[in-house]
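J.: Dumping the structure here so I can ask a few things about it.
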Amino acid sequence: MPDSDSTLPIPSASQRGLFWAARTRILGLYALLIIALVGVSIPIFRQIVVRQVERRVTEDLAEDLEGFVEFFETWQAESTPKEEERLTEAIDSFLQGFRPEDDNFLIFVVDEEFYRSAPLVLPKLIQPRSPFLKARSQVDTFEQGILPNSDSPEGDLLYMVEPLEMDGMRRGAVFAVHTTTGELSEALESVRLFIGMSAGTVTAALLLAWLATGYVLQPLQQLARASRSIRESDLTRRVPVAGTGEMAYLSKTFNRMMDRLQEAFEIQRNFVRDASHELRTPLTIVRGHLELLDDPSPEQQESLELAIDELDRMSRLVNDLTLLARSELPNFLELAPVDIAPFTDEILAKIQMLGDRDWRLEARASGTVVADRQRLTGALFNLAENAVVHTQRGDEIALGSQIKEDIVRFWVRDTGPGIEPRERERIFQRFARGAEALKSRGSGLGLAIVKAKAEAHGGWVELSSRVGVGSKFAIAIPLEPNSKTTMPRKRSEEAFRPAP
């Protein structure tokens with residue numbers, strides 16, 4: 001299984017959760033700010049509407065009151081002395097053409113007695129014998145205020161009182177009264193309409209903000225896709241640069257970083273390829289000259305065998321480096337259909353020669369896989385050799401194959417000492433060796449080669465291990481080279497089945 005995040009699938013919505021994306025967090029903060037502003041604006045809007053209603057009502061009451069006062073003053077100027085003493089005639093004459101606004105009332109009190117009102121039906125608090133009218137009928141100056149009436153459906157009463165005088169004597173009072181229930185209902189309806197419009201506006205704004213944020217953060221998504229697609233064998237992916245803002249700067253920085261990485265990997269790859277090629281010839285020449293030595297003494301023979309053994313080890317190292325360098329090339333594999341069942345039997349027959357172990361066939365799959373037979377054989381040989389190194393005579397080593405969900409797995413399981421958890425990722429790196437492998441003379445490239453061959457097939461390597469019980473290495477590759485596979489995110493310990 002590859003260790004690079006470039007092969008990991010994009011997490012689904014259920015896996016990444018609600019707050020996985022940066023745009024979600026940005027939108028959440030934006031939503032909180034808008035909701036807070038709307039929440040603060042609603043009571044302010046309500047207060048403004050109520051104040052405007054009270055101001056309009058007060059103006060209406062003042063207009064009704066001033067209308068009668070002006071009429072009364074004109075009437076007094078044009079009437080005869082006999083008519084001046086008859087205040088009721090002026091009131092009757094004014095009311096003949098007067099039509100009050102809704103919820104407005106005009107009440108006349110003459111000589112401390114209720115005379116007439118418009119309209120005729122009055123709320124309870126301002127009826128003819130009410131304490132309010134009796135108390136305000138004797139005012140000497142203009143007065144206005146609010147009469148609380150929370151227990152009545154009419155609501156509070158706004159009122160204005162103007163005294164009526166004739167010949168310098170107070171003769172009565174005129175009341176302009178308004179019930180607030182209707183106006184407040186209209187005001188509250190306006191508030192509810194404002195809340196509804198605000199909710200719709202906020203919803204539309206959040207939707208547009210979600211789309212706009214996705215557009216703004218598109219370079220980050222491209223950066224993530226480019227990062228997932230990057231592998232050692234392909235460092236050519238770049239992010240398109242658009243605009244001149246922070247996102248464009250980030251894209252440029254990423255592309256420059258990839259240019260430096262690609263250059264470094266090219267230098268490393270060329271070095272490995274050139275060094276492997278240049279070392280092979282002198283190693284062959286030195287070995288040839290050593291083998292041509294005639295009649296060495298016993299001491300010389302021992303040194304000669306040691307030198308030849310080291311030359312063989314260096315040759316294997318050069319071959320391994322060459323193979324790793326070639327694994328990144330497109331023509332590394334020679335694909336052909338491979339019958340899995342006989343191939344499994346063939347591998348078991350060959351690896352049994354690696355050591356005196358309890359060799360077993362654990363499972364045999366039936367089917368065909370498109371693969372490079374030689375590369376796959378070499379990878380399984382590496383796993384078997386690794387198992388032999390870490391087991392003793394008579395220990396069990398099992399080989400198996402299985403097909404599941406268009407993936408074929410070939411595995412080698414042993415009953416060796418197992419691998420410590422901290423070592424399980426590192427041992428697949430080049431020249432890395434576990435603590436138990438230090439006693440061997442290996443180069444530390446075996447598992448790296450297995451991993452490279454598996455990935456060349458579009459697959460990965462799985463490792464399950466329990467300290468003191470054993471280890472299980474599996475090569476998982478798709479049955480078809482172009483099939484879409486879902487690679488596991490981590491090695492599963494559940495895949496390990498200890499020996500009975």
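The values are calculated or read from the model by the stated rules, or taken from the named source; none is laboratory data. Please read all numbers here as calculations on a predicted model, not as lab measurements. All Cβ positions, even for glycine, are placed from backbone atoms using ideal geometry, and neighbour counts span all protein chains on display. For accessibility, only protein heavy atoms count, side chains too; no ligands or nucleic acids. Shrake-Rupley method; radii C 1.70, N 1.55, O 1.52, S 1.80 Å.
J.: According to a simple spin-label model (label point 7 Å from Cα along Cα-to-Cβ), what is the distance in nm between E112 and A31?
T.: Label at A31, label at E112, 6.9 nm between them.
J.: Something else now. Where in segment 109-218 are there GluC sites (Glu not before Pro) that are in a DSSP coil and have at most 13 other Cβ atoms within 10 angstrom of their Cβ?
T.: E112
J.: What is the local net charge at F343, summed over the other residues whose Cβ is closer than 14 Å to its Cβ (Lys, Arg +1; Asp, Glu -1)?
T.: +1
J.: Express the relative contact order of segment 36-141 as a whole percentage, based on alpha carbon pairs under 8 Å and six or more residues apart in sequence.
T.: 14 percent.
J.: Which order do the peptides 50-57, 294-301 take when ranked by the mean count of other beta-carbon atoms within 10 Å per residue, highest first?
T.: 50-57, 294-301
J.: What percentage of the solvent-accessible surface of segment 347-408, computed with a 1.4 Å probe over protein heavy atoms, is contributed by carbon and sulfur atoms?
T.: The value for segment 347-408 is 41 percent carbon and sulfur by accessible area.
J.: Further, regarding this structure: Could you work out the relative contact order of segment 101-228? I mean the mean sequence separation of Cα pairs under 8 Å and 6+ apart, divided by the number of residues, in percent.
T.: 21 percent
J.: Can you give the FRET efficiency to the nearest 0.05 for A248 and A212, using r as the Cβ-Cβ distance and R₀ = 22 Å?
T.: Between A248 and A212 the formula returns 0.80.
J.: Could you rank the peptides 379-388, 210-219, 32-41 by their average count of other C-beta atoms within 10 Å per residue, with the highest value first?
T.: Ranked by mean Cβ neighbours within 10 Å, highest first: 379-388, 210-219, 32-41.
J.: When the solvent-accessible surface of protein heavy atoms is calculated with a 1.4 angstrom probe, in what order do T201, T391 fall, highest first?
T.: T201, T391
J.: Now a separate question. Tell me the Kirkwood radius of segment 362-412: reciprocal of the mean inverse pair distance over distinct alpha-carbon atoms, in Å.
T.: Final number for the Kirkwood radius of segment 362-412 is 12.2 Å.
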